[in-house]
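The block underneath contains the structure these notes are about, expressed in structure tokens.
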Amino acid sequence: MILLDGKKVSEKILNDVKGRVLHQVKIPHLVVVLVGDDSASRVYVNNKKKAAEKVGIKSSVIEFSSDISEDTLLKKINELNNDSEVTGILVQLPLPNHIDKNKVVTAISPLKDVDGFHPENQGKLLIGMEPYFYPATPQGILMLLDEYSIPLECKNAVVIGRSNIVGKPMAQMLLKRNATVTMCHSYTQNLDEIIKTADVVISAVGKKIVRCKMVKKNSVVVDVGIYRDINGKLTGDVDFDIVSPSCGFISPVPGGVGPMTIASLMYNASKVYM
Ligand code: GUN
């Protein structure tokens, strides 16, 4: 079993991005918008800011209290769209309930949508056109698999979780690589039987869902889940101790997909469309 070392690979990617930024005429400027005081969101935003600094991307964080109106937020996004000095805009999710997330994501210019969440970018991915940006987590996962020269063509890939952020774009990106993709989610029957057929398992659920000795021998297991268990320990979707002996490659939590997501986001943030 080989560990997919996201920490190591992310450092390599960040170095590449740094070189790329250094040779660009225009310095990218990423604006991160944080609404409310969700402590996890604050940690993510700080990590993004730190990573941007590391690679020479200018970054700013705009903070709003949780009672900001949807209208005020949309106006701010419009302002950032029209600011030629701003090259990337990211609104940290989740947003408070009174704000329509889809409206906000749609308000961001697709050319500055470093998260790749805008319907134009997701739609382009769906119909096989090149989006301006691919969503950071699935793109980071492919960067990680590529680094280990893991082939995807003709392979059976099982994606667990159907979020717009990970599961759905992941499935599309695997299809683009000519994998045979099965999407699983909370209504899927016989999940264990499906996982047993997979050459590649990508789990993005946020629950301990890939367990037992149920994976195919030498399969590749990517754990996107990250949350704290009852003892406060960071853990993922995969029962590592049980699954790891039979698989070929496995990503740890922490130190797997998390750092790759940040590196992939910085790759996106280094792009300048204008
Ligand atoms: N919240 C959880 N994941 C993400 C992400 O990738 N981007 C944004 N903007 N918010 C998130």
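Some points to look at:
- Extension gain, Ile242 back to Ala40 (0.36 nm per residue minus Cα-Cα distance, nm): 69.9 nm
- Distance cut-off 19 Å, percentage of C-alpha pairs in region 28-156 lying past it: 55
- Fewest-first sequence of Thr180, Thr235, Thr197, Thr137 by Cβ atoms within 10 Å of each Cβ: Thr197, Thr180, Thr235, Thr137
- Asp146/Asn78 FRET efficiency (R0 41 Å; Cβ-Cβ; nearest 0.05): 0.65
- Taking a ≥ b ≥ c as the square roots of the eigenvalues of the Cα gyration tensor, an a/c ratio of 1.5 or more together with a/b no larger than b/c marks region 198-267 as oblate.
- Two-site FRET efficiency, Arg211 against Leu126, from Cβ-Cβ distance with R₀ of 35 Å, rounded to 0.05: 0.65
- Axis angle, to the nearest 10 degrees, between helix 70-82 and the longest C-alpha principal axis of the chain: 80 degrees.
- Angle in degrees between helix 257-269 and the longest Cα principal axis of the chain, rounded to the nearest 10: 40
- Share, in percent, of DSSP beta bridges within the chain that are antiparallel, nearest 5: 5
- Folded to 0 to 90 degrees: helix 136-147 orientation relative to the chain principal axis, Cα: 50
- Counting every alpha-carbon pair across the chain, the share separated by more than 22 Å comes to 57%.
- Interchain or long-range residues, amide H under 5 Å from Thr182's placed H: Ala157, Val158, Val159
- Couplings for region 121-126, taken from phi via the Karplus curve 6.51 cos²θ - 1.76 cosθ + 1.60 with θ = phi - 60°, read 5, 5, x, 4, 4, 4 Hz in order; Gly and Pro are left as x.
- Where labels lie 7 Å past Cα in the beta-carbon direction, separation of Asp100 and Thr188 in nm: 3.2
- Taking amide H as placed 1.01 Å from N in the peptide plane, Ile62 has its amide H under 5 Å from the amide H of Val32, Val33, Leu34, each at least 5 places away in sequence or on another chain.
- Candidates per trypsin sites (Lys or Arg not before Pro) in region 19-61, loop by DSSP, up to 14 other Cβ within 10 Å: Lys26
Values in this text are rule-based calculations from the coordinates and carry no lab data. Computed from a prediction, not measured in an experiment: that's the story for all the values here. Cβ coordinates were reconstructed from backbone atoms using ideal geometry, including for glycine residues, and neighbour counts include every protein chain displayed.
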